[in-house]
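Encoded as structure tokens, the structure appears first; notes follow it.
The values are calculated or read from the model by the stated rules, or taken from the named source; none is laboratory data. The model shown is predicted, which means the values in this text are computed figures rather than measured ones. Here the Cβ is made from the backbone with ideal geometry for all residues, glycine too, and neighbour counts use every protein chain on show. Quick note on the areas: whole protein, heavy atoms, side chains included, nothing else; ligands and nucleic acids left out. Shrake-Rupley method; radii C 1.70, N 1.55, O 1.52, S 1.80 Å.
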Amino acid sequence: MGFSDADLQAIWLTLRLASLVTLLLLLIGTPIAWWLARTRSRWKGPVGAVVALPLVLPPTVLGFYLLVAMGPNGPVGQFTQWLGIGLLPFTFWGLVVASVFYSMPFVVQPIQNAIEALGERPLEVAATLRAGPWDRFFTVVLPLARPGFLTAAILGFAHTVGEFGVVLMIGGNIPGATRVVSVQIFDYVEAMEYGEAHWLAASMVIFSFLVLLALYTLNPNQRKF
Amino acid sequence: MPTNQQAQVSAAIETDQIHARFRVDYPDFSLDVDLDLPGQGVTALFGHSGSGKTTLLRLIAGLMRVPNGHLSVNGRIWQDSETFLPTHQRPLGYVFQEASLFPHLNARRNLEYGMKRTANAMDPAALRDVIDLLGIAHLLDRRPHQLSGGERQRVAIARALAVQPALLLMDEPLAALDLKRKYEILPYLERLHDALEIPVLYVSHSPDEVARLADTVVLMEQGRALAVGPIAEVFSRTDLPLAQDQDASALIECTIAGHDDRDALTRVAFAGGCLWLGRLERPVGATVRARIHARDVSLALVEPASSTILNILPARIQELREIEQAQVLIRLAVGDDPATSLLARITRHSCVRLGLQVGQPVFAQVKTVALMD
């Protein structure tokens, strides 16, 4: 026995989804984390809470609202239709959008912590040495907060790989488009095909263990979740 | 053409100045200064913590921004109603209070960080001079965590100088160091003082550091500049808290006038007189700064004929001021024109007994003279 073609397809889809989501999250999450770490605005609390919501909400709740928003009558759905790309639910891109929301706190919070720990001083020093804002970010913040960014990327990736509820709500179960590994396992169990389920489930356990091992080895002193 | 020359000279004077005007109004802190500072030499921003000196330095660096500020440095506007140069566009060097080296770069790369970003950075020869002056050549390949606090601060000073700033700002660069490290780094700062041609603003709360390093003093208190002037003048003003302090002292710029090898003494001359000191290994003509504490000066009405005290200077009483603990602070003028100020702190009892008055000639007996460089 081993992985079936359907399994391989699900694994490939999952990796593609998680990589894309991680990349998008680093791009979107970094400015949010930067703002949260440094602002004195009264909006810091509310924005931080919204970013953290997926940590406590049942995935079905998040999935439900995303489904409504991206549906034909929802604001996102109307926008995507106006753009001429149709509706996002039950497509790969729908999963991407949903996963970005769902995994956001796992990316924002480590980066925010790292930037807060860095403090104002290294940036001030760099400014007195003629470094402009972008220069300061790439030559001071990025190298000094690297462990935070690494943690964020690994957690964002792993958390996207592990999602299930949101995928079911938004994506359903379409082979090659939305049937990720966790859904595939669910299908096997529903069909009482425990042998096949074992292969994928055990792979997920090993994968998750290796990810966490990498995290703890690379960042021995960093705060973990 | 003399008129043309005069015009050039006065234009040069105007551009050779720092003008800073800032007003900050926070509920728990306010700052209100309007200062004209010399465009050369070391100017100390001196005062207790909370007096606003670091805030003023940060405003000058552009690390803080307040509306309606005005700042020009040697003829260039850094801030006014239309302009605000961000910090990274100001040609300054900044030395922070605590070690501020980038931990991910070794000492050499820390030095190069600013140089790479500056068009007119130091050439290699000049950089080598600074590295030698600060004694950091053997440290360049080390990471900041492998350096002592004093070594880190020396690298940080070299890093600030390597960009050839038009203005060097130093925020209590010695405050985070213990006494031993402080005395390890002070000589380097004194050498810098002699070698640097750019203006330096030096924040400090230590009278000792200021006495050693500064040419001009801005005395800060509660966000105001109480006094601005040449250091010897500000230190000997009896109306300021500085002179009323236990550690009050007068500063005297001296030149070495001669050596007495038989008695191992050195004679130094100042405007209005001279002093004998223990033998100094300095050539005749070299300048030294002498510090005489007010508590080390006693007064006599007639010249003491037999005394173990080496330095007895004829002086005139300029000012008498009663201060706390039944003591009297006296400012003396030594010599006529030019005269040098000296402070004496005596008991009110003695003052009354001798009937001391302004204008009276006296003899000042100086017990100890400390040399500052």
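Picking from A:ASP135, A:ASP187, which residue would you name as being over 22 Å from A:TRP34 (Cα atoms), surrounded by fewer than 21 Cβ atoms within 10 Å (Cβ to Cβ) and of a type in the set (D, E, K, R)? Steps first, answer last, please.
Working: A:ASP135 fails: over 22 Å from A:TRP34 (Cα atoms).
Criteria check complete, one pass: A:ASP187.
I'm trying to understand the selection: among the residues of the stretch B:328-346, which are modelled with pLDDT of 90 or more and open to solvent by 40 Å² or more (accessible area, probe 1.4 Å)? Selection gives B:ARG331 alone.
Search the stretch B:105-131 for residues being outside any helix (DSSP H, G or I) and among the polar types (S, T, N, Q), and hand back the single one that is farthest from the other protein chains (Cβ to nearest Cβ). Selected residue: B:ASN106.
Assuming B:ARG212 fulfils every condition listed in (1) open to solvent by 10 Å² or more (accessible area, probe 1.4 Å); (2) touching a helix residue (DSSP H, G or I) at 6+ places or on another chain (Cβ under 9 Å); (3) within 29 Å of B:GLU322 (Cβ to Cβ) apart from one, which condition is it? Among (1) open to solvent by 10 Å² or more (accessible area, probe 1.4 Å); (2) touching a helix residue (DSSP H, G or I) at 6+ places or on another chain (Cβ under 9 Å); (3) within 29 Å of B:GLU322 (Cβ to Cβ), the lone unmet condition for B:ARG212 is (3). If you go through the stretch A:138-164 and pick out every residue that is within 14 Å of chain B (Cβ to nearest Cβ), free of Cβ contacts under 8 Å to residues at least 60 places away in the same chain and open to solvent by 10 Å² or more (accessible area, probe 1.4 Å), you end up with 6. Once the stretch A:112-124 is narrowed to residues that are more than 7 Å from chain B (Cβ to nearest Cβ) and more than 27 Å from the chain's Cα centre (by Cα), the residue that is least open to solvent (accessible area, probe 1.4 Å) is A:LEU123.
When B:ALA107 is tested against (1) surrounded by fewer than 23 Cβ atoms within 10 Å (Cβ to Cβ); (2) more than 17 Å from A:GLU124 (Cβ to Cβ), just one condition goes unmet, and that condition is (1).
The condition of being within 14 Å of chain B (Cβ to nearest Cβ) and at pLDDT 90 or above does not hold for A:PHE92.
A:ALA127 meets all of the listed conditions (1) of a type in the set (A, V, I, L, M, F, W, C); (2) without any contact (Cβ under 8 Å) to a residue 12 or more places away in the chain; (3) more than 14 Å from chain B (Cβ to nearest Cβ) but one, namely (3).
Starting from residues that are charged (D, E, K, R) and touching a residue at least 40 places away in the same chain (Cβ under 8 Å), keep the ones in the stretch B:180-193 and report whichever is most open to solvent (accessible area, probe 1.4 Å).
B:ARG191
Looking across the stretch A:165-184, the residues that are over 13 Å from the mean Cα position of the chain (by Cα) and either more than 20 Å from A:PHE3 (Cβ to Cβ) or open to solvent by 30 Å² or more (accessible area, probe 1.4 Å) (or both) come down to A:GLY165, A:LEU168, A:MET169, A:ILE170, A:GLY171, A:GLY172, A:ASN173, A:ILE174, A:PRO175, A:GLY176, A:ARG179.
Of the set (1) assigned to a helix (DSSP H, G or I); (2) more than 12 Å from the chain's Cα centre (by Cα); (3) surrounded by fewer than 16 Cβ atoms within 10 Å (Cβ to Cβ); (4) not β-branched (Val, Ile, Thr), all apply to A:LEU66 but (3). Every condition in (1) part of a helix (DSSP H, G or I); (2) open to solvent by 10 Å² or more (accessible area, probe 1.4 Å); (3) in contact with a Leu (Cβ under 7 Å, 6 or more places away or on another chain) holds for B:ALA225 except the one numbered (1). Of the residues B:GLN318, B:GLN325, the single one that is open to solvent by 50 Å² or more (accessible area, probe 1.4 Å) and not in a strand (DSSP E or B) is B:GLN325.
Of the residues making up the stretch B:266-295, those that are touching a residue at least 24 places away in the same chain (Cβ under 8 Å), over 19 Å from B:ARG237 (Cβ atoms) and either in a loop (DSSP other than H, G, I, E, B) or open to solvent by less than 50 Å² (accessible area, probe 1.4 Å) (or both) are B:GLY273, B:LEU275, B:LEU277, B:LEU280, B:ARG282, B:PRO283, B:VAL284, B:GLY285, B:ALA286, B:VAL288. Scanning the stretch B:73-99 for residues that are open to solvent by less than 40 Å² (accessible area, probe 1.4 Å) and polar (S, T, N, Q) returns B:GLN79, B:THR87. Of the residues making up the stretch B:194-203, one or more are surrounded by fewer than 23 Cβ atoms within 10 Å (Cβ to Cβ), away from chain A (no Cβ under 13 Å), in a loop (DSSP other than H, G, I, E, B) and at pLDDT 85 or above. Just checking, how many residues over the stretch B:28-82 are assigned to a loop (DSSP other than H, G, I, E, B) and over 23 Å from B:GLU190 (Cβ atoms)? Residues meeting the conditions: 19. Output yes when any residue across the stretch A:77-86 is buried (at least 17 other Cβ atoms within 10 Å of the Cβ) and over 28 Å from A:PHE137 (Cα atoms), and no when none is. Scanning the stretch A:77-86, I find at least one residue that is buried (at least 17 other Cβ atoms within 10 Å of the Cβ) and over 28 Å from A:PHE137 (Cα atoms), so the answer is yes.
Of all the residues that make up the stretch B:209-222, how many are within 9 Å of the chain's Cα centre (by Cα) and not in a helix (DSSP H, G or I)? Explain how you work it out, then say what you get.
Of all residues in the stretch B:209-222, those within 9 Å of the chain's Cα centre (by Cα) come to B:209-217.
Imposing the further condition that a residue be not in a helix (DSSP H, G or I) reduces the set to B:214-217.
The qualifying residues number 4.
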